[in-house]
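The values are calculated or read from the model by the stated rules, or taken from the named source; none is laboratory data. Note that the structure is predicted; figures quoted are calculated from it, not measured. Using ideal geometry, Cβ is built from the backbone for each residue, glycine included, and neighbour counts are taken over all protein chains shown. Surface accessibility is based on the protein's heavy atoms, side chains included, excluding ligands, DNA and RNA. Shrake-Rupley method; radii C 1.70, N 1.55, O 1.52, S 1.80 Å.
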Amino acid sequence: MFIKLELHGIEALVLFPENYSDENQYPVFIGLSGGGQSHAIVQFSAGAYFNSEFFKDYIRIIPINSNNHNFKDYSSDDIKDFIEGIRNYFNVTNSNWAIAGVSNGGKAAFNFVAQNPLLYLYAASFPGGIFENEPNKEWSHLRIVLANGKKDGDSWLLESKATYEKLLPLVSSIEIMVISGQNHTISETYDINQIYSKLFQNN
């Protein structure tokens, strides 16, 4: 069950691995909700997008926009401060983290990756893309899925396609998906593991 904590001045829902111990190091999964990232949207996202068994051994963190500062608008310093807040609060690894984002959060996810690519191994968006970010050789190990709903507007799919084409020669793996019957406010009945499984195939 997710619990609410305050991390470096930011509220977040947090789910610990089973048998969690402060003496062990854990990778982190960051889930960035869409829209205004309010309490209600974050609660929905926690169940619909970010509660996957693929990350059962991660500390899962879903921040809440409680200061009217959308995560897609975070500066490099804001992102650095947020990550340092996690590192100061928990005993975490220095690599192999995962990040996923929905809509505005999908853009924010790649802003976070661009700030420190070596921190992450997995990235997923529902939808999203790199937009103005410029990938480099430090992205080469990343495994990425770009998931779009069939009912999404063309602009989201075009951004995902542009991101796919730019990252394909650079990253370890990347897949673009179009999900029939969905837009990016995905239904709670959809099996989100169908998307995350693409990150872990051929591991």
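A few remarks follow.
- Of residues in the range 96-138 being open to solvent by 10 Å² or more (accessible area, probe 1.4 Å), in a loop (DSSP other than H, G, I, E, B) and free of Cβ contacts under 8 Å to residues at least 60 places away in the same chain, the one nearest to S45 (Cα to Cα): F131
- Residue within the range 100-114 that is farther than 27 Å from K150 by Cα, polar (S, T, N, Q), out of contact with any Cys (no Cβ under 9 Å at 6 or more places or on another chain) and modelled with pLDDT of 95 or more present: no
- Only residues that are at pLDDT 95 or above and either basic (K, R) or more than 18 Å from the chain's Cα centre (by Cα) (or both) were counted in the range 163-186, giving 5.
- If you go through the range 6-31 and keep only what is closer than 16 Å to G105 by Cβ and surrounded by 20 or more Cβ atoms within 10 Å (Cβ to Cβ), you end up with I10, A12, L13, V28, F29, I30, G31.
- Scan of the range 147-199 for residues that are under 13 Å from S103 (Cα atoms), crowded, with 16+ Cβ neighbours inside 10 Å and either out of contact with any strand residue (DSSP E or B) (no Cβ under 9 Å at 6 or more places or on another chain) or among the charged types (D, E, K, R) (or both), ordered by number: D152, E159
- Residue match in the range 58-79 (condition: assigned to a loop (DSSP other than H, G, I, E, B), of a type in the set (D, E, K, R) and open to solvent by 50 Å² or more (accessible area, probe 1.4 Å)): no
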